[in-house]
Amino acid sequence: MSLNLEQKKAVVAEVGAKVAEAEAIILAEYRGLEVGQMTQLRAKTRESGIYFRVLKNTLVRRAVVGTLYAGLAEHMVGPLAYGIGSDPVKAAKVLHEFSKANDKLVIKIGAMGDKLMSTNDIAALAVLPSREELLSKLLGTMQAPITKFAQTLNEVPTRFVRGVAAVRDQK
């Protein structure tokens, strides 16, 4: 079913808003993917907070004009699904893992800001820990010296009490 002019303008505005707040856009060809598989992929992307849609390439080209992602316009050829995310690692991770399990979904290209990413770059991005994992590791690293210092300070009275208990046991 074709869209009328008002509907097309609405789609371009919606995609333009998503592109404006995006940290990464990934283009994937979905040729041969069954409806059930596509539904699974949509559910996974929705869980991760990724805007994932099959759109007309001409509409997306209009939406990316004048943005950092304008370099993607020349790669928008064929049946493509667009994954637009505010967390580049999540977007890459979800689409890369799904493409490994389903060979019909082929990641074509992506972009992070004005930098285009090849499929190898997207795969490398997918194996990085997520933002939450990195923050928790950083916090653990920052807390480690304080925790060790507190344990060291606690060790002095503990040894004293053990020594007094050993003397008491001897007498």
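The values are calculated or read from the model by the stated rules, or taken from the named source; none is laboratory data. Treat the numbers as computed from the prediction; the structure is a model and nothing was measured. Heads up, the Cβs are rebuilt from the backbone with ideal geometry, glycines too, and the neighbour counts pull from every protein chain shown.
Within the range 62-80, restricting attention to residues that are outside any helix (DSSP H, G or I) and more than 13 Å from Lys18 (Cα to Cα), which residue is nearest to the chain's Cα centre (by Cα)? Lay out the reasoning, then the answer.
Residues of the range 62-80 outside any helix (DSSP H, G or I): 65-67, 76-80.
Retained after the next criterion (residues that are more than 13 Å from Lys18 (Cα to Cα)): 65-66, 76-80.
Values: Val65: 24, Gly66: 24, Met76: 21, Val77: 24, Gly78: 24, Pro79: 23, Leu80: 19 Å.
Filtering the range 62-80 for residues that are outside any helix (DSSP H, G or I) and more than 13 Å from Lys18 (Cα to Cα), the one nearest to the chain's Cα centre (by Cα) comes out as Leu80.
Does the range 103-114 include one or more residues that are farther than 22 Å from Arg53 by Cβ and at pLDDT below 90? Walk me through how you get there before you give the answer.
Keep residues of the range 103-114 that are farther than 22 Å from Arg53 by Cβ, which gives 114.
Cutting the leftovers down to at pLDDT below 90 gives us 114.
So far as the range 103-114 goes, yes, one or more of its residues are farther than 22 Å from Arg53 by Cβ and at pLDDT below 90.
Restricting attention to the range 106-143, which residues are of a type in the set (Gly, Ala, Ser) and surrounded by 11 or more Cβ atoms within 10 Å (Cβ to Cβ)?
Gly110, Ala111, Gly113, Ser118, Ala123, Ala124, Ala126, Ser130, Ser136
Residue-by-condition table, conditions (1) under 15 Å from the mean Cα position of the chain (by Cα); (2) surrounded by 12 or more Cβ atoms within 10 Å (Cβ to Cβ); (3) on the phi < 0 side of the Ramachandran plot; (4) not assigned by TED's automatic domain parsing to the domain that holds Gly32:
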site: Ile84; (1), (2), (3), (4): yes, yes, yes, no
site: Asp87; (1), (2), (3), (4): yes, yes, yes, no
site: Lys104; (1), (2), (3), (4): no, yes, yes, no
site: Ile146; (1), (2), (3), (4): no, no, yes, yes
site: Glu155; (1), (2), (3), (4): no, no, yes, yes
site: Arg159; (1), (2), (3), (4): no, no, yes, yes
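If I filter the range 45-56 for residues that are at pLDDT 90 or above, more than 19 Å from the chain's Cα centre (by Cα), assigned to a helix (DSSP H, G or I) and surrounded by fewer than 16 Cβ atoms within 10 Å (Cβ to Cβ), do I get at least one hit? The answer is no; no qualifying residue exists. Whenever a residue of the range 60-81 is in the same structural domain as Val15 (by TED's automatic domain parsing) and among the polar types (S, T, N, Q), its partners that are surrounded by 15 or more Cβ atoms within 10 Å (Cβ to Cβ) and in a helix (DSSP H, G or I), lying with C-beta atoms within less than 6 angstrom and at least six residues away or across chains, give the pairs Thr67/Val19.
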